[in-house]
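The following block contains the structure, expressed as structure tokens.
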Amino acid sequence: MSLIEKKGKTFINEEVDRYLYWIEERESIRRKKEDANADPPWTEDEIFKMFKFCQVYREDDRTTRWFAAHIRRPLSAEPEVVMATIIFRFFNLIETGRTLLEHNLHLDWDREKAIEEVSKQPKWVTGAYIVKTPNRMNKVKGVAECVTHIWVERERLVSSLEKMTTLQEAWTFLLQYPYIGPFVAYEIVTDLRHTYILDEATDICSWANAGPGAMRGLNRLTGRPLGFCKRSHDWNKEMQELYTICQEELRIKYRMPFEMREVEGGLCEFDKYSRILKGEGRTRSVYDYSKKDRPIIEDLHKGESKWAN
């Protein structure tokens with residue numbers, strides 16, 4: 001088995017090359033779609049032609065672009081950005097974000113008003129990840145309940161976060177709040193990294209929270225069983241070593257800094273790509289070229305759709 005030695009850690013050379021290839025090809029597709037406004041397909045890779053993958057940069061994600069344009073950037077220097085971020089990421093849906101803005105609920109939370117207005121929508125919360133809420137409540141009421149518990153603590157929450165100097169410290173702190181699990185806490189912290197709260201965090205390029213997909217990606221890189229998921233394992237050390245490889249080996253010139261968040265997110269998508277390549281399974285998101293399917297792309301400046309499916 002071919003191996004590559006980097007910073008004292010052994011990775012499988014073929015897997016490292018595939019991980020780097022995924023990053024470069026996925027970003028190349030984004031450039032052809034957005035920068036060159038080219039028609040599909042944007043690649044010769046049959047897997048990329050058929051299946052949809054997340055962006056290399058979380059900041060290029062459609063929902064994040066909308067949130068950044070309409071909520072996060074306008075509030076980036078204000079304490080209100082903390083609760084606005086928490087409220088939005090619990091729902092994590094652009095349609096709900098528009099409702100929050102229309103009724104000023106991201107700044108002046110009202111549980112009953114939120115339930116009333118969001119319930120009018122055909123869809124309420126994200127399908128990208130599971131949002132845990134209190135039992136025997138539908139998702140609108142459940143998320144509203146979660147937000148309300150945190151809202152009453154907002155002054156203490158903001159005051160505490162303002163004193164923190166690392167993403168990891170802020171992530172650990174958020175876990176104490178009801179129904180904020182590791183994934184949602186990481187989403188919130190990643191957003192706050194682009195605000196006055198954590199824009200000077202000292203571990204932006206040295207810490208990330210490895211989710212299940214990232215763990216599987218690291219297992220592929222190291223040759224461990226795919227189901228290995230011990231929390232006691234030093235996943236972050238391996239991501240740091242992979243970050244070093246990315247800094248040394250990636251050939252693409254990026255328009256924004258490549259950080260540990262990109263390493264972690266890329267591992268999850270690399271795992272999906274590898275699963276399809278090796279015949280281990282598929283993903284649910286596919287392109288339908290017979291209908292000239294174009295994924296919705298968000299305008300970088302206004303945060304609204306340029307294309308619609």
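Taking ALA144 as meeting all but one of (1) modelled with pLDDT of 95 or more; (2) surrounded by 20 or more Cβ atoms within 10 Å (Cβ to Cβ); (3) among the small types (Gly, Ala, Ser), write down the number of the exception.
Result: ALA144 passes all but (1).
Sticking with this structure for a sec: Is it the case that some residue within region 154-171 is out of contact with any helix residue (DSSP H, G or I) (no Cβ under 6 Å at 6 or more places or on another chain) and over 30 Å from ASN236 (Cα atoms)?
Yes, the conditions are met somewhere in region 154-171.
Give me the residue from region 220-253 that is closer than 16 Å to ILE12 by Cα and of a type in the set (Ser, Thr, Tyr) and, out of that set, farthest from the chain's Cα centre (by Cα).
Only one residue fits best here, namely THR222.
If you don't mind, another one. Does LEU300 qualify as being outside the structural domain of TRP22 (by TED's automatic domain parsing) and either modelled with pLDDT under 95 or surrounded by fewer than 13 Cβ atoms within 10 Å (Cβ to Cβ) (or both)? Step through it out loud before you land on a result.
On the way: outside the structural domain of TRP22 (by TED's automatic domain parsing): yes; either modelled with pLDDT under 95 or surrounded by fewer than 13 Cβ atoms within 10 Å (Cβ to Cβ) (or both): yes.
Spelling it out, LEU300 is indeed outside the structural domain of TRP22 (by TED's automatic domain parsing) and either modelled with pLDDT under 95 or surrounded by fewer than 13 Cβ atoms within 10 Å (Cβ to Cβ) (or both).
Evaluate region 149-166: report whether one residue or more is among the acidic types (Asp, Glu) and under 24 Å from GLY213 (Cβ atoms). If you could, list the steps in order and put the result at the bottom.
Taking region 149-166 as the starting set, the residues that turn out to be among the acidic types (Asp, Glu) are 153, 155, 162.
Cutting the leftovers down to under 24 Å from GLY213 (Cβ atoms) gives us none.
No, there is no match, as no residue in region 149-166 is among the acidic types (Asp, Glu) and under 24 Å from GLY213 (Cβ atoms).
Across region 159-181, what is the number of residues that are closer than 18 Å to SER206 by Cα, buried (at least 16 other Cβ atoms within 10 Å of the Cβ) and β-branched (Val, Ile, Thr)?
Taking region 159-181 and keeping what is closer than 18 Å to SER206 by Cα, we get 164-172.
Cutting the leftovers down to buried (at least 16 other Cβ atoms within 10 Å of the Cβ) gives us 164, 166-171.
From what is left, the residues that are β-branched (Val, Ile, Thr) are 166.
Adding up the residues that qualify gives 1.
Answer yes if at least one residue in region 21-37 is in a loop (DSSP other than H, G, I, E, B), of a type outside the set (Phe, Trp, Tyr) and at pLDDT 80 or above, and no otherwise. Give the derivation first.
Step one: of region 21-37, the residues in a loop (DSSP other than H, G, I, E, B) are 36-37.
Adding the requirement that they be of a type outside the set (Phe, Trp, Tyr) leaves 36-37.
Those still in the list that are at pLDDT 80 or above too: 36-37.
Scanning region 21-37, I find at least one residue that is in a loop (DSSP other than H, G, I, E, B), of a type outside the set (Phe, Trp, Tyr) and at pLDDT 80 or above, so the answer is yes.
Quick check: anything in region 58-79 in contact with a helix residue (DSSP H, G or I) (Cβ under 7 Å, 6 or more places away or on another chain), farther than 30 Å from SER159 by Cβ and either of a type outside the set (A, V, I, L, M) or part of a helix (DSSP H, G or I) (or both)?
yes
Criterion first (surrounded by 18 or more Cβ atoms within 10 Å (Cβ to Cβ), of a type in the set (Lys, Arg) and farther than 18 Å from ALA185 by Cα) does ARG73 satisfy it?
Working: surrounded by 18 or more Cβ atoms within 10 Å (Cβ to Cβ): no; of a type in the set (Lys, Arg): yes; farther than 18 Å from ALA185 by Cα: yes.
No, not satisfied.
If ILE94 passes every condition in (1) in contact (Cβ under 8 Å) with a residue 12 or more places away in the chain; (2) under 18 Å from the mean Cα position of the chain (by Cα); (3) within 26 Å of ILE204 (Cα to Cα) but one, which one does it miss?
All conditions pass for ILE94, except number (3).
Residues of region 200-254 being modelled with pLDDT of 95 or more, more than 22 Å from LEU175 (Cβ to Cβ), assigned to a loop (DSSP other than H, G, I, E, B) and hydrophobic (A, V, I, L, M, F, W, C), which ones?
Listed by number, the residues that qualify are CYS205, LEU226, PHE228.
The values are calculated or read from the model by the stated rules, or taken from the named source; none is laboratory data. For clarity, every value in this text was computed on a predicted model and none was experimentally measured. Positions of Cβ are backbone-derived with ideal geometry, glycine not excepted, and every protein chain shown enters the neighbour counts.
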